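Student: Have a look at this one before I ask anything.
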Amino acid sequence: MIPLQLSEFGAAVGVLFFVGSIVSIVVGGVVGYRAFRGYRRSRQRSLLLFGVGLLLLVSVSKLVNIGLSSTLSSSTLIGPATELCRLAGAVVLTYAIYDR
Amino acid sequence: MTAEHTPTAEYTPDDRAGPRTHRRRRSVGAVFGLVFGPLQGVSIEQGATSPVETALLLALAAVGALLTYQAMRGYRRNDDRSMLLFGAGLFLLTVGHAGLKLFLAAPLVAADSPAFVFAVASASQVADIAGLVAIFSAILR
């Protein structure tokens, strides 16, 4: 972890990270919502898998990251848990592409 | 002249000496507490902390390469612009993220200039947002 001095610059970096995370969580949620809406309309299983996979890849992994880093005291579990979520999302996306 | 105040969540001293030294930036101070609490694990500064994480990142890159290859094949077959955008988004979100975490953490720790640190450490966020925007615009077509 870089030693973030509590200066204006460190604050700017921190705020930018937080805003970037929130933006990617929200946009990922919007894309997943559209995928679910398309699934409900057309009943194509690949759309459902695509939505779940994308949500896991982006939004859930970032939420897991933020949640674990604010609740856990030891930081050894945060990285692997986040990457595990991303990997699960990517695997679900391959199921979505190979499904029919 | 103000004494050397350590910035806390409540009070951040104004850098400039003079009549405005006691201006309290409460909003920035609140952001400190909010941001440095939850943000310890978010950025890529830590890099791949353990072999488990390295293995997971490599697996993510492999699956992402497969996905991108399939998307590129679909683009070449159908000449569909949205498949190209889709493949680019998936590439950024999987291979880009894994590559940034694996290869950019080392020069980040060794870097001195804050601008470089800022640019590299925000690269993962930018890559995620760019990948999402690409996939979103691919869906919109």
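The values are calculated or read from the model by the stated rules, or taken from the named source; none is laboratory data. Predicted model, so just to flag it, every value in this text is computed and none were measured. All Cβ positions, glycine included, derive from the backbone under ideal geometry; neighbour counts span all protein chains shown.
Student: From A:49, A:93, which residue is over 14 Å from the mean Cα position of the chain (by Cα), crowded, with 19+ Cβ neighbours inside 10 Å and either of a type in the set (Phe, Trp, Tyr) or at pLDDT 90 or above (or both)?
Tutor: Numbers: A:93 fails: over 14 Å from the mean Cα position of the chain (by Cα).
Matching residue, one of A:49, A:93: A:49.
Student: Just to be sure, is residue B:129 modelled with pLDDT of 90 or more, closer than 23 Å to residue A:55 by Cβ and either within 11 Å of the chain's Cα centre (by Cα) or of a type in the set (Asp, Glu) (or both)?
Tutor: Considered against the rule, which asks whether it is modelled with pLDDT of 90 or more, closer than 23 Å to residue A:55 by Cβ and either within 11 Å of the chain's Cα centre (by Cα) or of a type in the set (Asp, Glu) (or both), residue B:129 comes out as yes.
Student: Are there any pairs, at least 6 apart or on different chains, whose C-beta atoms fall under 6 Å, with the first in region A:2-23 and over 18 Å from residue B:123 (Cβ atoms) and surrounded by 15 or more Cβ atoms within 10 Å (Cβ to Cβ) and the second at pLDDT below 70 and of a type outside the set (A, V, I, L, M), and if so, which?
Tutor: A:6/B:7
Student: Another question, then. Does any residue in region B:46-70 that is of a type in the set (S, T, N, Q) come within less than 6 Å, Cβ to Cβ, of a residue that is modelled with pLDDT of 90 or more six or more places away or on a different chain, and which pairs are these?
Tutor: Hits for this filter: B:68/B:87; B:68/B:90; B:68/B:91.
Student: A follow-up question, please. Out of the helices (runs of 4 or more DSSP H) lying entirely within region A:14-100, which hold 3 or more residues that are farther than 20 Å from residue B:48 by Cα? Give the derivation first.
Tutor: Working: elements: A:45-54, A:61-71, A:78-98.
Helices (runs of 4 or more DSSP H) meeting the threshold: A:45-54, A:78-98.
Student: Hey, another quick one. Residue A:94 versus (1) at the interface with chain B (Cβ under 10 Å from one of its Cβ atoms); (2) in contact with a Ser or Thr (Cβ under 9 Å, 6 or more places away or on another chain): which is the lone unmet condition?
Tutor: For residue A:94, the failing item is (2).
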